[in-house]
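S.K.: Before we start, here is the structure in question, set down as structure tokens.
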Amino acid sequence: MAEIVYALCAFMSIMCAGLLFRAYRRSPSHLLLWGSLCFGILAMNNVILFVDVIILPEVEFNGGLWRSLTGAVAGSLLLFGLIWEMT
């Protein structure tokens, strides 16, 4: 059951990133761009989680470290975009 949830989380993050980027191309608001970049990196975070926990559970490649880094980068991008829009 966990495999399905992890895969659906990755799929939904990819879909959100794609929809936000499509909206950005129609009306170029920088916040849409930063949101799509954030969700794209969160999708990468979910893929790393899927590989770390489901596909290669016995291989130690510091998946937790990579997930933490990608999550921090995604949050930082969105925060930067929010601050950029306020100025």
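S.K.: Please determine, by comparing only the residues of segment 8-29 that are of a type in the set (S, T, N, Q) and outside any helix (DSSP H, G or I), which one is surrounded by the most Cβ atoms within 10 Å (Cβ to Cβ).
M.R.: That would be SER29.
S.K.: Going by the structure shown, is GLU3 assigned to a helix (DSSP H, G or I), charged (D, E, K, R) and modelled with pLDDT under 95?
M.R.: yes
S.K.: Being touching a residue at least 40 places away in the same chain (Cβ under 8 Å) and part of a helix (DSSP H, G or I) is true for just one of TRP66, TRP34. Which residue is that?
M.R.: TRP34
S.K.: Still on this structure, please answer the following. Would you tally the residues in segment 36-84 being closer than 21 Å to PHE21 by Cβ, over 9 Å from the mean Cα position of the chain (by Cα) and either at pLDDT below 90 or among the polar types (S, T, N, Q) (or both)?
M.R.: 1
S.K.: Right, something else. What do you reckon, is ASN62 on the phi > 0 side of the Ramachandran plot and out of contact with any strand residue (DSSP E or B) (no Cβ under 7 Å at 6 or more places or on another chain)?
M.R.: Here the answer is yes, as ASN62 does meet what is asked.
S.K.: Give the residue, chosen from VAL47, VAL73, VAL5, that is β-branched (Val, Ile, Thr) and either exposed (fewer than 15 other Cβ atoms within 10 Å of the Cβ) or in contact with a Leu (Cβ under 8 Å, 6 or more places away or on another chain) (or both).
M.R.: VAL5
S.K.: Quick one: in segment 50-63, of everything that is touching a residue at least 12 places away in the same chain (Cβ under 8 Å) and of a type in the set (A, V, I, L, M), which residue is surrounded by the most Cβ atoms within 10 Å (Cβ to Cβ)?
M.R.: Among those that are touching a residue at least 12 places away in the same chain (Cβ under 8 Å) and of a type in the set (A, V, I, L, M), it is VAL51.
S.K.: Okay, moving on. Residues in segment 30-43: is at least one of a type outside the set (Phe, Trp, Tyr), closer than 18 Å to ALA2 by Cβ, out of contact with any Cys (no Cβ under 9 Å at 6 or more places or on another chain) and surrounded by fewer than 19 Cβ atoms within 10 Å (Cβ to Cβ)?
M.R.: Taking every residue of segment 30-43 in turn, none turns out to be of a type outside the set (Phe, Trp, Tyr), closer than 18 Å to ALA2 by Cβ, out of contact with any Cys (no Cβ under 9 Å at 6 or more places or on another chain) and surrounded by fewer than 19 Cβ atoms within 10 Å (Cβ to Cβ).
The values are calculated or read from the model by the stated rules, or taken from the named source; none is laboratory data. Just so you know, these numbers come straight off a predicted model, no measurement behind them. All Cβ positions, glycine included, derive from the backbone under ideal geometry; neighbour counts span all protein chains shown.
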